[in-house]
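What follows draws every value from the coordinates through simple rules; no lab data is involved. All of these numbers come straight from a predicted model, not from anything done at the bench. Counting neighbours? That spans all protein chains shown, and the Cβs are built from the backbone with ideal geometry, glycine included.
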Amino acid sequence: DAGITQSPRHKVTETGTPVTLRCHQTENHRYMYWYRQDPGHGLRLIHYSYGVKDTDKGEVSDGYSVSRSKTEDFLLTLESATSSQTSVYFCAISSSGGVSTDTQYFGPGTRLTVL
Amino acid sequence: DAKTTQPTSMDCAEGRAANLPCNHSTISGNEYVYWYRQIHSQGPQYIIHGLKNNETNEMASLIITEDRKSSTLILPHATLRDTAVYYCIVRARNFGNEKLTFGTGTRLTIIP
């Protein structure tokens, strides 16, 4: 399994509070991604990073920000959590190093509940 | 990225081959077919991918039709641990924007 950890694994918070989720990789992969998964929607991309300090928005980026100050860590921040952000959040990494190795590997997920 | 169509659910007897179909009739020449699966509450797991040739690895085989409009994922000897949601994804290799678009997938249940 790819060396990807997410923390925390579970979190319950209240509406209006800031929340930061962490994704940590030991693979030295260039690309990192944050997805959310909700019933009936599959996985949807929030933000992704193509290098240190290089990030871009995905399809559901409103209400989220990200930061990547070093290769191994990609942080997802909810500045002011809302109940609609209750979801399971997955981090993924990819090396994009070539045709046969260009796959995304996913972390174990973080279950976030906003009350 | 091209859209994919998969059956909502399938059953397969333990020990038998599980054949999961996927239609991608609008696939373009530079788009690959990827398969992932997600076992309950876990992160999606990469299985296999291909462009136009059939592919095989330790987990599965991928058969892509000659016109590339459909494909089949084959799990040769299904076990109970193969019960999961299987996602067929088509995407181009567009460096710099490599998002995966997951649909709703096929829920495969392996029957003892």
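Data for the structure
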| quantity | calculated |
| --- | --- |
| Simple label model, 7 Å out from Cα along Cβ direction - B:Arg81 to A:Asp54, nm | 3.8 |
| Fluctuation leader among A:Ser67, A:Ser95, A:Ser84 - chain A, Gaussian network, Cα springs under 10 angstrom | A:Ser84 |
| Nearest-0.05 FRET efficiency for B:Asp67 and A:Arg111, computed from C-beta distance (R0 41 Å) | 0.45 |
| Point-charge dipole on Cβ atoms (K/R +1, D/E -1) for chain A, about Cα centre, debye to 20 | 160 |
| Qualifying GluC sites (Glu not before Pro) for region B:44-75 [loop in DSSP, other Cβ within 10 Å: at most 10] | B:Glu58, B:Glu66 |
| Those lysines that a straight Cα-Cα span of less than 22 Å connects to A:Lys57, excepting residues fewer than 8 apart in one chain | A:Lys70, B:Lys3, B:Lys99 |
| Test item: B:35-41 mean partner chain Cβ contacts at 10 Å | 2 |
| Size of charge dipole - region B:1-95 - debye, nearest 20, with Cβ of Lys, Arg +1 and Asp, Glu -1, no other charges | 200 |
| Prolate/oblate/rounded label for region B:12-105 (Cα gyration tensor, a/c 1.5) | oblate |
| Two-site label geometry, B:Asp11 and A:Thr71: point separation in nm, points 7 Å out along Cα→Cβ | 5.0 |
| Inter-part distance where region A:52-84 and region B:23-84 are each reduced to a Cα centre, Å | 30 |
| Of the GluC sites (Glu not before Pro) in region A:3-80, those whose Cβ has at most 15 other Cβ within 10 Å and which sit in DSSP loop | A:Glu14, A:Glu27, A:Glu59, A:Glu79 |
| Among B:Ala78, B:Asn54, B:Gln42 the positive-end extreme of the charge dipole of region B:21-112 (Cβ point charges) | B:Gln42 |
| Average partner coverage of A:105-112, which counts Cβ from other chains inside 10 Å | 3 |
